[in-house]
Amino acid sequence: MAADRPSARKRSYVRVWLAPALLKAGVKLFHCPSGLDSRAKPEATCVYRLKRSLAVMVVSLTVNGTVHSVTADLDTPLLYVLRNDLGLNATKFGCGLGQCGACTVLIDGAASRSCIMPIGALTQSEIITLEGLGTLEQPHPLQSAFMAEQAAQCGYCIAGMIMMGKAILDRNPRPSEADVRLGLIGNLCRCGAHNRIVRAILKAAQAMGRS
């Protein structure tokens, strides 16, 4: 499945070991200045520099209130780290281009596409995924409302929908139906369950207003 991506460390190794073949095929990976070592094979020198450029680092990420240390490239998309390294699988891989909303999480309170967000930019940020909203024993009002309205059909988009709903209600605790529809414009549901999703967010707003 598309969501089952290799871990960040494995992807780095794959790229490094592909480098000699790419160089021999004439693919210019980056500029390798001459004079580094006249006795070394050009591809060996370039691979060494490629390894250095792809060196993994230990990155600290605050996810759902817990600080995690992850060994990965700084340009690794947050989505891959959440799923493959932290085991937080609610967030889904949809398009990989930030266009469908299945990977939506909250970063410093703002709805963000985790499939295009590099972890190197997030070391000072607070990240919240669906797993951080509620528990089975005490679900968040949004989660309860989505269950009550049976808003999920296949369910693939629902984590992103709920996180976007959270962002909408954080900005506007009493949204109109038009507000909710506008807020969800970038989140796609291929099953066509948008009306139930909108009703669920409005129901959650009412419940949160009474609490």
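Structure summary
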| quantity | calculated |
| --- | --- |
| Residue in region 50-72 that is under 21 Å from ASN187 (Cα atoms), modelled with pLDDT of 95 or more and not hydroxyl-bearing (Ser, Thr, Tyr) present | no |
| Region 154-190, residues that are surrounded by fewer than 13 Cβ atoms within 10 Å (Cβ to Cβ) and hydrophobic (A, V, I, L, M, F, W, C) | CYS154, ALA178, LEU182, ILE185 |
| Lone unmet requirement of (1) crowded, with 24+ Cβ neighbours inside 10 Å; (2) at positive phi for ARG113 | (2) |
| Hey, LEU79 assigned to a helix (DSSP H, G or I) and under 27 Å from GLY186 (Cβ atoms) or not | yes |
| Every pair of residues 6+ apart whose Cβ atoms lie under 6 Å, when the first sits in region 139-164 and is under 9 Å from ALA204 (Cβ atoms) while the second is of a type in the set (A, V, I, L, M, F, W, C) and part of a loop (DSSP other than H, G, I, E, B) | HIS140/LEU133 |
| Candidate set from region 123-147 (those that are closer than 17 Å to LEU61 by Cα and touching a Leu at 6+ places or on another chain (Cβ under 6 Å)); member that is surrounded by the fewest Cβ atoms within 10 Å (Cβ to Cβ) | GLU131 |
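The values are calculated or read from the model by the stated rules, or taken from the named source; none is laboratory data. Owing to the predicted nature of the structure, the values given are computational and were not obtained by experimental measurement. Cβ sites come from the backbone with ideal geometry, for glycine too, and all protein chains shown count toward neighbours.
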